[in-house]
Number of protein chains: 4
Amino acid sequence: MTPIRVFVTGGTFDKEYDEIHGRLFFKDTHLHEMLRLARCRLSVDVSTLMMVDSLDMTDADRARIVESCRACAETRIVITHGTDTMSETARALAGARLGKSIVLTGAMIPYAFGSSDGLFNLGSALSFAQVLPPGVYVAMNGRVFAGSRVRKDRTTGVFEEAP
Amino acid sequence: MTPIRVFVTGGTFDKEYDEIHGRLFFKDTHLHEMLRLARCRLSVDVSTLMMVDSLDMTDADRARIVESCRACAETRIVITHGTDTMSETARALAGARLGKSIVLTGAMIPYAFGSSDGLFNLGSALSFAQVLPPGVYVAMNGRVFAGSRVRKDRTTGVFEEAP
Amino acid sequence: MTPIRVFVTGGTFDKEYDEIHGRLFFKDTHLHEMLRLARCRLSVDVSTLMMVDSLDMTDADRARIVESCRACAETRIVITHGTDTMSETARALAGARLGKSIVLTGAMIPYAFGSSDGLFNLGSALSFAQVLPPGVYVAMNGRVFAGSRVRKDRTTGVFEEAP
Amino acid sequence: MTPIRVFVTGGTFDKEYDEIHGRLFFKDTHLHEMLRLARCRLSVDVSTLMMVDSLDMTDADRARIVESCRACAETRIVITHGTDTMSETARALAGARLGKSIVLTGAMIPYAFGSSDGLFNLGSALSFAQVLPPGVYVAMNGRVFAGSRVRKDRTTGVFEEAP
């Protein structure tokens, strides 16, 4: 079984509700729990690179994501990422020409709030990562896009091919 | 966007709890609700062929599944199916050599009971169906198997390559 | 804070889905988890007396429930019970004239399947148990009934006053 | 069956996740859905007075709550309310001496995020409202407090008797 690396960067996926202050925040990733509940039998290694809202992601953060993808032993990689700037990170990765199959995914609803789209997207991303040729991809809503030609429609929240 | 046909046959995916009689039963499929919650943006058409526990599936049922896959216009197909005899149906489909990409999937826990594996597997199956070449496959637990060489380990509930 | 004793006897509340055999079964009670998620701050002690479908409950089981209620130090007691024979157990307890406030409750949907009525009924039963005078009661669907004058309508699943 | 009036004022109970803007907001109350899932069989009438975070509740809002409680035909009332200023509203109601049984309740986790404490507290509040004598009460975490002598510990989020 080809090993898959999962890099966690935060995003809606991992937002939680802080019941003392009544606001959303990041604590630990839910990826381990999601993979367990999904009864996932892949050889997956999860590393948390950062836990940020993707609107707060800096160029340095993106450089770190690119370097982590380059440095890891695996050639098949899934990155969980906030949806707002997922396209920017995808373009940064595409520009780096790493020769690996890299799939970015995310969620519209936090997993902790009973997110159905997070589980669905995670299953989707791990599947595309296993079979797509080297390249950078965005897997959202069941669809897969070339990482260099995708954008999120901010009004509808839907990913689409960039013109 | 390539259209995908989903054939529903029942299985754990769609089992519900009958609160009057305290037992499990089948009513309607949850596929539509699952696709909606997953915010799926694929062009998917869902048809219910039958609603049975796969242990009760007959040869006639399997013949009907094969014929439905042959007859539909789509060349990319996902079949939701009970896990107990999923391998048998996969072999029947493989034997029919339909020249389509057909992915069988299922769940260990009913969706109505908060199934995480159902949503994960559905995301996985719809993704494999989009990119794999013509053939019959089983997508379970994040993995994908050739339909002619897969079996379920009845003691652990895990799918594995058949010897 | 008046201490409350919770006696667990099984019933729909605690049914789980056996994913290997595809059927419902009993393992451990979910009461501890339910109280934790409900952030319950009462002084509650939980004891499991038995884990049975109430249709399988024997006279010996009922005698044991009565004796446990008599023997415990607490004067305020909640009993989780299958709904099918909850009225019979309530009558057995009422006949024993224990001089304690005893509230039976249950659920129509197993907690493990995302039961909303289990959590609602548990909150209800623990509240009635704190304030009602000595006697035996059934708390279901937000309502409270005298234990000696209640029955379940088997066709609708609804509890009502017995004629 | 004594009719119960439920007044909705917002609070954590009814917060939702806005998937386009990634923040919490109020839309419609979840009370109807909660009562339905709880299979509640009480005669309950739900009115939404306002949908606000209780930190934003004004004196005019509190006056409106008091007047609504005075004006309604029912003598048994449940109010869903944000936890942060629930004690203030309880004191305002207690000062009005309405001669009705009024129970305030809330949740630490939004219902839409799979809140267990919301359902538990709702079951609890509706039960206390049926049996407690005229007065103002706060029902949280299974406990009930006199409305004139309760406060929320802001560091732990727990309600306790005010000194």
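Bear in mind that the values in this text are calculations on the coordinates, not laboratory data. It should be emphasised that the depicted structure is a prediction, and the values quoted were computed from it without experimental measurement. Heads up, the Cβs are rebuilt from the backbone with ideal geometry, glycines too, and the neighbour counts pull from every protein chain shown.
List the lysines whose Cα lies under 26 Å from the Cα of C:K100, skipping any in the same chain that are fewer than 8 positions away.
Reachable lysines: C:K152.
Mind listing the phi-derived Karplus ³J(HN,Hα) values for the range C:119-124, rounded to whole Hz, using 6.51, -1.76 and 1.60 with θ = phi - 60°, and x for any glycine or proline?
Here the 3J(HN,Hα) series is 5, 4, 5, 5, x, 5 Hz.
Which one, B:M108, B:N121, B:G135, is farthest towards the positive end of the dipole of chain B when Lys and Arg carry +1 and Asp and Glu -1 on their Cβ?
Ranked along the dipole, the leading option is B:G135.
Could you state the number of Å between the C-alpha centres of the range D:104-130 and the range A:16-62?
Taking the Cα centre of each part, the range A:16-62 and the range D:104-130 sit 28 Å apart.
How far is A:D153 from itself in the other copies, in nm, if each label sits 7 Å out from Cα along the Cα-Cβ line, shortest first?
Distances to the matching label points in the other copies: 4.6, 4.8, 5.0 nm.
Pull up all non-local amide H partners of C:Y137: gap of 5 or more, or a different chain, and H-to-H distance under 5 Å with H placed in the peptide plane.
Excluding prolines and chain starts, which carry no amide H, the hits are C:I102, C:V103, C:L104, C:G147.
At 0.36 nm per residue, minus the direct Cα-Cα distance, what do D:H21 and D:E161 gain on full extension? Give it in nm, one decimal, please.
Taking D:H21 through D:E161 to full extension adds about 46.5 nm, to one decimal.
Would you please give the residues with an amide H less than 5 Å from that of D:L42, counting only those at least 5 places away or on a separate chain, with H modeled from the backbone geometry?
none
Along the axis that rotates chain B into chain D, which residue of chain B has the nearest beta-carbon, and what is the gap in whole Å?
Nearest Cβ to that rotation axis, in whole Å: B:G114, 4.
Pairs of Cα atoms under 8 Å, at least six residues apart: use those to get the relative contact order of the range A:47-124, whole percent.
With pairs under 8 Å counted, the relative contact order is 28 percent.
Estimate the FRET efficiency between A:M51 and C:R97 by the formula 1/(1 + (r/R0)^6), using the beta-carbon distance for r and 60 Å for R0, to the nearest 0.05.
0.50
Give the nm distances, rounded to one decimal, from D:T2 to the matching residue in every other copy, measuring between label points 7 Å along Cα toward the beta carbon; shortest first.
Result for D:T2, in nm, nearest copy first: 1.7, 6.6, 6.8.
Please state the charge dipole magnitude for the protein assembly as shown, taken about the Cα centre, from unit charges on C-beta atoms (+1 on K and R, -1 on D and E), reported in debye and rounded to the nearest 20.
I would put it at about 0 debye.
Divide by every residue of the protein assembly as shown the summed helix terms, -39500 (n - 2.57) for each DSSP H run of at least 4, and state the resulting mean residue ellipticity at 222 nm, rounded to the nearest 500 deg cm²/dmol.
-9000 deg cm²/dmol
From the phi of every residue in the range A:140-149, what ³J(HN,Hα) in whole Hz does the Karplus formula 6.51 cos²θ - 1.76 cosθ + 1.60 yield, where θ is phi - 60° and glycine or proline is x?
Rounded to whole hertz, the list is 9, 6, x, 9, 10, 10, 5, x, 8, 9.
In what sequence do B:M1, A:M51, B:M57 fall when counting other Cβ within 10 Å, fewest first?
By the 10 Å Cβ count, ascending: B:M1, A:M51, B:M57.
How big is the dipole moment of the range C:82-163 about its Cα centre under a simple scheme where the beta carbon of each Lys and Arg is +1, that of each Asp and Glu is -1, and everything else is neutral? Debye, nearest 20, please.
The dipole of the range C:82-163 has a size of about 260 debye.
State, to one decimal in nm and shortest first, how far the label point of C:E88 sits from each corresponding label point in the other identical copies (label point: 7 angstrom along Cα-to-Cβ).
Shortest to longest, the spacings are 3.8, 5.6, 6.8 nm.
Mind telling me which of B:A71, B:A96, B:A146 comes out most flexible in a GNM of chain B, alpha-carbon contacts under 10 Å?
B:A71
Can you tell me the alpha carbon radius of gyration of the range A:28-112 divided by the globular rule-of-thumb value 2.2 N^0.38 Å?
After normalising by residue count via 2.2 N^0.38 Å, the value is 1.10.
Would you kindly calculate the translational diffusion coefficient of chain B, applying Stokes-Einstein with the Kirkwood radius from alpha carbon pairs, for 10 °C and a viscosity of 1.306 mPa s, and quote it in µm² s⁻¹ without decimals?
This corresponds to a translational diffusion coefficient of 102 µm²/s.
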